[in-house]
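**Student:** Sending over a structure as structure tokens; questions will come in a sec.
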Amino acid sequence: MISMEKTYDPHAIEQRWYQTWEERGYFAPSRSGKAGYCIMIPPPNITGSLHMGHGFNNTIMDTLIRYHRMKGDKTLWQPGADHAGIATQMVVERQLEAEDKKRHDLGRDKFIERIWAWKKESGGHITRQLRRLGSSLDWQHERFTMDEGLSEAVKEVFIRLYEEGLIYRGKRLVNWDPKLHTAISDLEVLSEEEYGHMWHMRYPLTNGQGHLTVATTRPETMLGDCAVAVNPGDERYRHMIGERLELPLTGRRIPIIADAEHVDPAFGTGCVKITPAHDFNDYAVWQRHRDEKAISEQPNGGLINIFNRDAALLSATNQDYDLRTRNQASGGGEFAVLVEPAPGGKFPEEIIPEKYRGLDRYDARKQIVADLEEQDLLEKIDDHKLMVPRGDRSGAVIEPFLTDQWYVKIAPLAKPAIEAVESGRIRFVPDWCISRQIWWGHRIPAWYDEQGNVYVGRSEAEVRSQHHLADDYPLRQDEDVLDTWFSSALWPFSTLGWPGQTEHLQDFYPTSVLVTGFDIIFFWVARMIMMGLKFLDDVPFKEVYVHGLVRDSHGDKMSKSKGNVLDPIDLIDGIELEKLIEKRTSGMMQPQLAKKIEKLTRKEFPDGIPSFGTDALRFTFAALAATGRDIKFDLGRIEGYRNFCNKLWNATRYVMMNVEGRDCGVGEAKTGHSEPAAELERSVADRWILSRLQKTKQAVAEAIEGYRFDHAAQAIYEFTWNEYCDWYLELSKPVLNGDNASEAAKRGARRTLVRVLENLLRLTHPIMPFITEEIWQRVAPIAGVTGNTIMTQPFPTQRKSLINEVAETEMAWVMQFILGIRKIKGEMNISPAKPVPVLLANVSDNDKALVERHRRFLDFLARTESIEVLAPNDQGPESSTALVGEMKVLIPLADLIDKEAEIKRLEKEIGRLQGDADRTDKKLGNPKFVDKAPEAVVRKERDKLVETLKALESLQTQLVKIQNL
RNA sequence: AGGCGCGUAGCUCAGUUGGUUAGAGCGCUACCUUGACAUGGUAGAGGUCGUUGGUUCGACUCCAAUCGCGCCUACCA
């Protein structure tokens with residue numbers, strides 16, 4: 001047997017054990033298990049690296065998985081990653097940028113090759129980090145959303161939805177990211193309040209009767225106005241409805257229209273300029289009024305697009321012109337654009353005065369404001385707070401933009417999902433825009449011919465054969481790819497082999513639980529439910545465990561720009577201060593923050609971060625995982641749990657020291673537990689700790705089943721530290737080392753020591769896999785348990801026969817005795833090591849028997865010099881007093897005890913008891929209480945009062961005695 | 001604006017269906033290198049449970065109002 005170091009060192013064991021587990025295939029689902037238990041990992045982005053949220057999330061999942069695996073369930077934890085379309089493309093584009101290249105220089109195929117190469121090289125980063133957390137994921141079945149199998153599932157879903165008319169292509173306003181040149185969904189847009197201005201602009205009436213003033217936050221969009229709307233009930237403007245205005249700077253004439261729905265007379269001037277191609281609300285107004293002659297006679301029916309894909313004003317000289325014509329010919333293509341001119345109409349850019357063509361939107365704004373000012377058409381500029389929508393990836397201000405995109409109809413899909421969740425009201429989000437103008441992702445399985453007809457199919461060949469198209473008939477595949485979330489929504493079944501009818505699908509769908517944070521995930525969950533119900537007729541998971549966010553110790557969200565990010569790996573391995581600073585300040589978007597971050601970091605971690613090990617980190621996450629609450633991650637907490645690991649380690653050292661090579665009364669090893677091989681005697685301590693263990697097992701199992709990982713962690717912590725170590729190990733010492741203890745008693749103690757420890761390790765393994773495995777390997781053989789790994793040992797179950805209330809009561813007496821003496825010593829400043837003579841007064845027969853039986857425990861733990869039972873009426877000499885029930889434990893004053901101190905001590909105790917007695921007395925004196933409260937409660941109060949009064953009397957006589965000294 | 005959550009010891013958090021003196025860890029104070037562990041041991045100080053009102057014999061717990069903080073959703077040109 002290798003000797004154990006005095007201090008637990010996680011590094012020596014963690015990676016070694018993980019490798020062993022993985023190599024031996026322990027993570028795979030058992031062949032034989034009973035019930036199926038399955039969790040899908042929320043697939044992390046391949047571009048990602050592990051953050052605290054992952055740490056927390058995976059700790060919870062792994063705890064559940066290990067628990068169920070030990071319970072004998074057929075358990076699968078499905079690993080994998082998300083291809084993260086936009087994020088990944090951006091990473092590789094940035095690399096190209098460093099080489100002074102653009103993705104168009106490479107072309108689509110080469111660019112995608114390059115992404116795959118990047119994935120091969122760097123995509124494993126996060127999965128390596130997941131391994132460091134001890135996550136027992138079934139790596140043999142790792143999946144990637146761009147895998148062949150998953151791509152099949154994506155295509156299959158797309159086609160089936162298309163065939164049912166649930167996927168369609170349409171021209172709509174979308175959220176356009178002018179930097180990434182793609183549409184994004186509502187969920188990828190983050191609106192934040194920013195300070196801006198409100199421009200009040202005058203639009204002159206064409207009849208020369210003055211003007212209307214419109215207020216806007218975006219003056220440059222006026223070039224695309226098709227009307228000004230007022231509320232029909234607004235007295236100020238009612239008479240003007242139908243009149244025309246001259247749209248400044250353009251020479252165009254636009255109507256005044258009435259729209260009650262959109263226009264709030266109380267806001268701004270009560271007049272709203274309508275720019276249908278660049279504002280979602282205006283678009284809705286336009287749809288309501290498009291058939292009115294005054295609108296429809298506007299250029300392009302009033303739907304006037306003024307921007308190109310960079311959100312600069314259109315210009316015939318820029319590339320969009322060519323792109324657009326090409327797109328019209330191909331019926332789709334790389335950039336599905338804009339508004340085609342109405343027959344005989346103008347191209348959009350021709351509507352824009354030449355002066356502004358080609359200007360960026362913000363340059364155009366400046367110019368237009370200046371020009372309006374010059375013509376005295378600018379009434380005023382107010383400061384104004386507004387919500388500015390930005391792309392969550394690029395940070396660019398999103399432009400509502402008119403394009404052709406693919407959509408999924410949400411309402412018919414959501415309906416069964418809602419019924420399933422019974423969540424009642426969910427807002428029907430506008431249909432889900434699923435096409436993205438990027439290259440990395442699942443390409444849309446649609447082909448166009450030169451007439452613009454659309455063919456959807458699994459492949460070009462399939463399309464040709466299905467529609468009887470000749471081989472040389474020109475077809476061109478849609479250039480767009482699907483939103484990454486489209487494939488994520490299929491994750492719970494695409495990973496299991498769908499559309500094939502696989503064994504995995506049989507065993508593990510629907511999965512058991514989805515573990516996820518609040519984040520954006522609501523929509524992901526909703527989409528998984530919709531897709532699951534649609535294609536498998538069943539929900540994708542039976543339960544959803546939603547946990548909070550991991551924040552820093554002050555409750556702030558961790559973010560790179562705040563410089564308060566903690567890396568779970570740094571907590572595991574530790575990191576030096578300088579390295580931590582370097583890490584926190586490198587690659588910053590705003591380098592000017594670096595100084596502040598450095599200062600903050602130096603203050604908070606003057607010595608860097610020490611190494612805590614994975615188990616301590618996991619235990620911390622578990623202990624902080626209260627439901628519905630964010631986690632404030634406090635280093636003090638993880639330090640405490642590192643110490644806990646050390647405590648467990650050293651308890652083991654003690655046990656090993658005492659049991660190794662000795663007779664532990666363990667017979668032939670069987671599965672589960674072994675029977676005693678030789679005669680053995682169990683002390684009250686043995687019976688007590690075994691009883692406590694049974695209750696702890698139950699508490700831990702119930703806590704895990706109820707997702708109360710904090711309760712599970714606390715139960716384990718308390719049992720280990722406060723019961724097993726503080727009391728039981730100490731109580732075992734006089735037995736194991738005592739000359740007068742029988743061999744049978746020693747055997748009993750050894751057996752209990754080692755077997756309780758072995759149980760405790762299995763109990764703790766789901767939360768702390770590494771240390772428990774390491775220790776278990778040493779302890780199990782001695783405890784009479786065989787097996788290659790703790791991972792597949794049965795989770796401990798309560799043995800009712802070992803619950804022993806008598807032993808617990810008896811131990812409570814022993815503990816009270818010992819605590820009483822320690823308290824006197826502590827408060828009287830007597831060294832705990834100093835043996836004291838003890839006298840007992842008011843002793844019952846039961847007390848006498850207990851003293852006799854547990855004498856060696858009392859002597860050892862209370863350090864008594866002698867224990868003498870006084871005659872029934874003998875109150876003994878002047879002493880310091882503690883009560884054990886009605887028995888008085890006396891330590892004679894002699895030279896040991898300070899009289900004044902003892903008086904103070906007694907007075908304090910009497911005061912406390914008196915308050916207690918008064919309170920209870922008052923309660924019992926209230927007839928309403930006695931009448932109305934349940935019998936049991938009243939009796940309890942009565943008993944309590946009697947007890948308190950007895951104790952009070954006892955201490956009072958003691959006080960008088962000492963005062964009279 | 002709507003919805004949800006949270007305010008308990010200096011700090012981070014528990015507190016099951018209302019019923020003894022509201023608990024733990026860290027921190028703090030005093031003492032102790034006792035043969036598993038100083039990443040330790042023993043003893044101790046510290047809370048009118050955000051505020052106000054109500055229900056009740058009894059409220060940290062239930063109800064209402066209010067203050068403070070956070071999140072989600074939506075959004076007015």
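The values are calculated or read from the model by the stated rules, or taken from the named source; none is laboratory data. Remember, it's a predicted structure, so these values are computed and weren't measured experimentally. Quick reminder, even Gly has a Cβ in these numbers, built from the backbone with ideal geometry, and neighbours come from all protein chains shown. Note: accessible area is taken over every heavy atom of the protein model, side chains too, but ligands, DNA and RNA are not part of it. Shrake-Rupley method; radii C 1.70, N 1.55, O 1.52, S 1.80 Å.
**Student:** Tally the residues that are open to solvent by 20 Å² or more (accessible area, probe 1.4 Å) and either part of a loop (DSSP other than H, G, I, E, B) or modelled with pLDDT of 90 or more (or both), restricting the search to the stretch A:505-533.
**Tutor:** So the count comes out to 7.
**Student:** For the stretch A:919-965, give me each residue that is hydroxyl-bearing (S, T, Y) and either modelled with pLDDT of 85 or more or out of contact with any strand residue (DSSP E or B) (no Cβ under 8 Å at 6 or more places or on another chain) (or both).
**Tutor:** Quick first cut of the stretch A:919-965, residues hydroxyl-bearing (S, T, Y) only: A:920, A:948, A:954, A:957.
The answer is A:T920, A:T948, A:T957.
**Student:** Of all residues in the stretch A:213-228 being crowded, with 19+ Cβ neighbours inside 10 Å and either among the charged types (D, E, K, R) or farther than 22 Å from A:L303 by Cα (or both), which is farthest from RNA strand B (Cβ to nearest atom)?
**Tutor:** Taking the stretch A:213-228 and keeping what is crowded, with 19+ Cβ neighbours inside 10 Å, we get A:214-216, A:219-228.
Add one more test, that the residue is either among the charged types (D, E, K, R) or farther than 22 Å from A:L303 by Cα (or both), and what stays is A:220, A:225.
On the way: A:E220: 11, A:D225: 10 Å.
The qualifying residue farthest from RNA strand B (Cβ to nearest atom) is A:E220.
**Student:** Scan the stretch A:561-583 for residues that are modelled with pLDDT of 85 or more and in contact with a Ser or Thr (Cβ under 7 Å, 6 or more places away or on another chain) and report the count.
**Tutor:** Adding up the residues that qualify gives 5.
**Student:** A further question follows. Of all residues in the stretch A:66-81, which are under 18 Å from the mean Cα position of the chain (by Cα) and either surrounded by fewer than 20 Cβ atoms within 10 Å (Cβ to Cβ) or small (G, A, S) (or both)?
**Tutor:** A:G80, A:A81
**Student:** So, in the stretch A:923-959, of the ones that are surrounded by fewer than 16 Cβ atoms within 10 Å (Cβ to Cβ) and touching a residue at least 60 places away in the same chain (Cβ under 8 Å), which residue ends up farthest from RNA strand B (Cβ to nearest atom)?
**Tutor:** A:T957
**Student:** Same structure again: Are any residues in the stretch A:146-187 part of a helix (DSSP H, G or I), farther than 24 Å from A:T495 by Cα and open to solvent by less than 50 Å² (accessible area, probe 1.4 Å), and if so, which ones? Show your work before the answer.
**Tutor:** If we filter the stretch A:146-187 for residues that are part of a helix (DSSP H, G or I), which is where we start, we get A:148-163, A:186-187.
After this cut, where a residue has to be farther than 24 Å from A:T495 by Cα as well, the list is A:186-187.
The one that is part of a helix (DSSP H, G or I), farther than 24 Å from A:T495 by Cα and open to solvent by less than 50 Å² (accessible area, probe 1.4 Å): A:L187.
One line per residue, one yes/no per condition, for (1) within 20 Å of A:A712 (Cα to Cα); (2) part of a loop (DSSP other than H, G, I, E, B); (3) within 11 Å of RNA strand B (Cβ to nearest atom):
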position: A:L593; (1), (2), (3): no, no, no
position: A:K596; (1), (2), (3): no, no, no
position: A:K603; (1), (2), (3): no, no, no
position: A:S611; (1), (2), (3): no, yes, yes
position: A:T620; (1), (2), (3): yes, no, yes
position: A:R629; (1), (2), (3): yes, yes, yes
position: A:R637; (1), (2), (3): yes, no, yes
position: A:Y641; (1), (2), (3): yes, no, yes
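For every residue, the table says whether it meets (1) more than 15 Å from RNA strand B (Cβ to nearest atom); (2) open to solvent by 60 Å² or more (accessible area, probe 1.4 Å); (3) free of Cβ contacts under 8 Å to residues at least 60 places away in the same chain; (4) touching a helix residue (DSSP H, G or I) at 6+ places or on another chain (Cβ under 8 Å).
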| site | (1), (2), (3), (4) |
| --- | --- |
| A:I771 | no, no, no, yes |
| A:I790 | yes, no, yes, yes |
| A:L802 | yes, no, no, yes |
| A:T809 | no, yes, yes, no |
| A:R822 | no, yes, yes, yes |
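**Student:** Residue by residue through the stretch A:824-851, note down the ones that are open to solvent by less than 30 Å² (accessible area, probe 1.4 Å), of a type in the set (D, E, K, R) and more than 9 Å from RNA strand B (Cβ to nearest atom).
**Tutor:** Across the stretch A:824-851, the qualifying residue is only A:D847.
**Student:** State the number of residues belonging to the stretch A:611-657 that are farther than 15 Å from A:T764 by Cβ and under 20 Å from the mean Cα position of the chain (by Cα).
**Tutor:** Total meeting the criteria: 14.
**Student:** Another question, if that's okay. Pairs needed: first member in the stretch A:689-714, open to solvent by less than 60 Å² (accessible area, probe 1.4 Å); second member anywhere, of a type in the set (D, E, K, R); C-beta distance under 7 Å; at least 6 residues apart or different chains.
**Tutor:** A:I689/A:E723; A:S691/A:E808; A:R692/A:E723; A:Q694/A:R799
**Student:** Between a residue in the stretch A:452-476 that is in contact (Cβ under 8 Å) with a residue 40 or more places away in the chain and any residue that is assigned to a loop (DSSP other than H, G, I, E, B) and open to solvent by less than 60 Å² (accessible area, probe 1.4 Å), which pairs come within a Cβ distance under 7 Å, given they are 6 or more apart or on different chains?
**Tutor:** Partner pairs satisfying both residue conditions: A:G452/A:G331; A:V456/A:P445; A:G457/A:P445; A:R458/A:P445.
**Student:** In the stretch A:272-281, which residue that is touching a residue at least 60 places away in the same chain (Cβ under 8 Å) and near RNA strand B (Cβ under 8 Å from one of its atoms) is most open to solvent (accessible area, probe 1.4 Å)?
**Tutor:** For the stretch A:272-281, the residue satisfying everything is A:F280.
**Student:** When the stretch A:1-44 is examined, which residues are found to be within 16 Å of RNA strand B (Cβ to nearest atom) and among the polar types (S, T, N, Q)? First the steps, then the outcome.
**Tutor:** First, the residues of the stretch A:1-44 that are within 16 Å of RNA strand B (Cβ to nearest atom): A:1-14.
The answer is A:S3, A:T7.
**Student:** Return the total of residues in the stretch A:256-271 being within 8 Å of RNA strand B (Cβ to nearest atom) and surrounded by 14 or more Cβ atoms within 10 Å (Cβ to Cβ).
**Tutor:** First pass over the stretch A:256-271, keeping only residues within 8 Å of RNA strand B (Cβ to nearest atom): A:262-271.
Next, only the ones that are surrounded by 14 or more Cβ atoms within 10 Å (Cβ to Cβ) stay: A:262-263, A:265, A:268-271.
Going through the stretch A:256-271 one residue at a time, the tally reaches 7.
**Student:** Among A:F523, A:F535, A:F541, A:F508, which is touching a Gly at 6+ places or on another chain (Cβ under 6 Å) and among the aromatic types (F, W, Y)?
**Tutor:** Values: A:F523 fails: touching a Gly at 6+ places or on another chain (Cβ under 6 Å); A:F535 fails: touching a Gly at 6+ places or on another chain (Cβ under 6 Å); A:F541 fails: touching a Gly at 6+ places or on another chain (Cβ under 6 Å).
The conditions single out A:F508.
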